[in-house]
Amino acid sequence: MYKAFFKRFLDILGSVVLIIIALPIMVVVAILIYFKLSKSVIFTQARPGLNAKIFKIYKFKTMSEERDESGELLPDAQRLTKFGKTIRGLSLDELPQLFNVLKGDMSFIGPRPLLIEYLHLYNARQAKRHNVRPGITGLAQVNGRNAISWEQKFKFDVEYVENLSFAMDVKIALMTVKKVFNRSGVSKEGHATTEKFNGTN
């Protein structure tokens, strides 16, 4: 009952309320990004969602558009400015995903939507992460975020899918608030965010 109906109802209600509350913050963040980083303030990218259906995720840009002499974008670590790190550390870059939740692309709680190029690399168990809507936050995010290994992330993702409940979602939501204030696990050591997933041996 919770997974089939009530969870989606809470997503719709919560996203509408939070969009109204967060709108002034989003406007300020958008203006700062426009003047400090990029004239296009929203980053969009195709990601796999429920049942691996592709959707466009929305995020605030946190990297500059600096390019090398051949016109190629510089590595992430060089384009991620101090301002961008602050936006990420406070998770303000995730605010536009409230519209993804409202549309039904995402849920508040669930496995994070990853890159399309990873789809063929999942084993059968890891692929179960697509049995639910992806989330703005999830069990892996409150247990290490980008600081843990891919195998650990997928273990938490599947654990969430197999044990989804209202109580678990409430627990993850409360732990997320704590994580945001602590700014922990934002990036993996030695990386701007995290290393690429190359499959499980």
**Q.** Members of the stretch 11-31 that are open to solvent by 30 Å² or more (accessible area, probe 1.4 Å), in contact with a helix residue (DSSP H, G or I) (Cβ under 8 Å, 6 or more places away or on another chain) and under 18 Å from Asp105 (Cβ atoms)
**A.** Ile12, Val16, Leu18
Q: From Arg133, Arg129, grab the single residue that is among the basic types (Lys, Arg), closer than 19 Å to Arg8 by Cα and without any contact (Cβ under 8 Å) to a residue 60 or more places away in the chain.
A: Arg129
Q: Examine the stretch 93-107 for a residue that is open to solvent by less than 40 Å² (accessible area, probe 1.4 Å) and free of Cβ contacts under 8 Å to residues at least 24 places away in the same chain, and state whether such a residue exists.
A: no
Q) Would a scan of the stretch 76-87 turn up a residue that is modelled with pLDDT under 95, of a type outside the set (A, V, I, L, M, F, W, C) and not in a helix (DSSP H, G or I)? A) yes
**Q.** Odd one out for Lys56 among (1) at pLDDT 95 or above; (2) under 20 Å from Asn146 (Cβ atoms)
**A.** (2)
Q. What are the residues in the stretch 32-46 that are outside any strand (DSSP E or B) and either in contact (Cβ under 8 Å) with a residue 40 or more places away in the chain or open to solvent by 40 Å² or more (accessible area, probe 1.4 Å) (or both), if any?
A. Leu32, Ile33, Tyr34, Phe35, Lys36, Leu37, Lys39, Ser40
Q: Considering only residues that are assigned to a helix (DSSP H, G or I) and touching a strand residue (DSSP E or B) at 6+ places or on another chain (Cβ under 7 Å), look in the stretch 116-136 and name the one that is least open to solvent (accessible area, probe 1.4 Å).
A: His130
Q) Scanning the stretch 137-148 for residues that are buried (at least 19 other Cβ atoms within 10 Å of the Cβ) and among the aliphatic types (A, V, I, L, M), which turns out nearest to Gly199 (Cα to Cα)? A) Ala140
Q: Could you tell me which residue of the stretch 47-70 is most open to solvent (accessible area, probe 1.4 Å), considering only residues that are part of a strand (DSSP E or B) and closer than 15 Å to Val101 by Cα?
A: Lys56
**Q.** Count of the stretch 19-31 residues which are in contact (Cβ under 8 Å) with a residue 24 or more places away in the chain and more than 19 Å from the chain's Cα centre (by Cα)
**A.** 0
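The values are calculated or read from the model by the stated rules, or taken from the named source; none is laboratory data. What you see is a predicted model; the values in this text were computed from it and never measured. Heads up, the Cβs are rebuilt from the backbone with ideal geometry, glycines too, and the neighbour counts pull from every protein chain shown. Just the protein is used for accessible areas: all its heavy atoms, side chains included, with ligands, DNA and RNA removed. Shrake-Rupley method; radii C 1.70, N 1.55, O 1.52, S 1.80 Å.
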